[in-house]
Amino acid sequence: LGGVFINGRPLPNHIRLKIVEMAASGVRPCVISRQLRVSHGCVSKILNRYQETGSIRPGVIGGSKPKVATPEVEARIEEMKKMNPGIFSWEIREKLIKFSKGSSDQAV
């Protein structure tokens, strides 16, 4: 397309605003894409987000993943660390997997 934008990075706000303004004045997305040298998918995504939220701001990149360990699992990990301070994370993982398989068999 010949644009000077970096893949994987948010489009600058002034370009986002221009996309929304052009669409509001009746310009078709494929024409916006060609004129601003932005992919058609990018234009569509920005216009969809604008319709849904009223915002032209980019979405959040990255961020931390939510914790998945339950308090019971955390307690078992602490117990294993106390019993064996030099234990490796992969050993803890294996023991937790074995324990969870054993407890699910008992529940049946």
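Odds and ends about this structure:
- Among the residues of the stretch 49-86, just one is β-branched (V, I, T) and modelled with pLDDT of 90 or more, namely I77.
- Residue check for E79: out of contact with any His (no Cβ under 6 Å at 6 or more places or on another chain) and closer than 30 Å to N13 by Cβ: no
The values are calculated or read from the model by the stated rules, or taken from the named source; none is laboratory data. Since the structure is predicted, the reported quantities are computational estimates derived from the model, not experimental observations. Because the Cβ atoms are built from the backbone with ideal geometry, glycine has one as well, and the counts that use them run over all protein chains shown.
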